[in-house]
Amino acid sequence: MQQASKEPGFVGKNGHFGLSETARTWPADKVERRPVRDLVPSARNARLHSDDQIEQIAASISEFGWTAPVLIDEAGNIIAGHGRVLAAELMGIGEVPTMVARGWSDAMKRAYLIADNKLTENGGWDQALLRIELNELAALGFDGLTGFSEIELREMGIGVEGLDGMPVLSDGEHSPFLQMTFILLEAQGATVTKAIEAASRALGPLTEANENKNQNGNALAEICRAYLGAHATS
């Protein structure tokens, strides 16, 4: 008697698409290089890629090589990997590794197009361990390849060891100084921005007499002084 196959598989709610368990589990099991010009970006791709992010991806590919193939369908339409393809174009790479998801319906491709990005976002960080790793990578000169921006690294204190380790300050900023970071809702941020703009107009242009040449800092301090004055307690 022939034994049942023990190949890994699952029986999911998409079984009605007529695919075998193996085909559903391994829809893309072969890597092949394709010309970038033959790959078609999805018109339904809602994921945005800024120029800075594309440059980060390109830097990662330059340092580590190509570690994740672009997922496409049988016609060469991109399902996942739009950012990597844009980075390849930026770097002048003519061919990229791809994997073909065979037998997928249009609905499956559209769903995965979103899931590929959203599922990653749903994860979190062990902040203590992340800081340790980033600090050690900063010492090795690899913090710039982690995807974290310089501002994000500074806010976590990465690579900053006392005043001597701080980046060069903008013209007019004086020591001692204090950098404060706040987390605001969008509506709150809009209110703060509007208040700073109004206070800046009221204060007028900077002069040599201003110790702090950061107009936003002066405006925020003035707003706080006015608030404290109006709510002074005996």
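Quick notes
- Filter pass, Ile54 being within 24 Å of Ile158 (Cβ to Cβ), part of a helix (DSSP H, G or I) and in contact with a Gly (Cβ under 7 Å, 6 or more places away or on another chain): yes
- Residues that are surrounded by 11 or more Cβ atoms within 10 Å (Cβ to Cβ) and under 11 Å from Leu86 (Cβ atoms) within the stretch 48-60 comprise His49, Gln53, Ile54, Glu55, Ile57, Ala58, listed in sequence order.
- From the list Trp66, Trp125, Trp104, the one residue that fits, being open to solvent by 40 Å² or more (accessible area, probe 1.4 Å), touching a strand residue (DSSP E or B) at 6+ places or on another chain (Cβ under 6 Å) and outside any helix (DSSP H, G or I), is Trp66.
- Residue check for Ile114: open to solvent by 50 Å² or more (accessible area, probe 1.4 Å), within 22 Å of the chain's Cα centre (by Cα) and not charged (D, E, K, R): yes
- Candidate set from the stretch 190-234 (those that are in a helix (DSSP H, G or I) and acidic (Asp, Glu)); member that is nearest to Met180 (Cα to Cα): Glu222
- In the stretch 128-142, the condition of being over 17 Å from Gln56 (Cβ atoms), open to solvent by less than 40 Å² (accessible area, probe 1.4 Å) and not polar (S, T, N, Q) is met by at least one residue.
- Positions within the stretch 38-72 being modelled with pLDDT of 95 or more and of a type in the set (D, E, K, R), in sequence order: Asp38
- Restricting the stretch 26-51 to residues that are in a loop (DSSP other than H, G, I, E, B) and of a type in the set (D, E, K, R) leaves a set whose member that is nearest to Leu145 (Cα to Cα) is Arg47.
The values are calculated or read from the model by the stated rules, or taken from the named source; none is laboratory data. Everything quoted here is computed from the prediction, not taken from an experiment. Note that each Cβ is placed from the backbone with ideal geometry, even for glycine, and that neighbours are counted across all protein chains shown. Side chains are part of the model used for accessible areas, which takes the heavy atoms of the whole protein and leaves out ligands, DNA and RNA. Shrake-Rupley method; radii C 1.70, N 1.55, O 1.52, S 1.80 Å.
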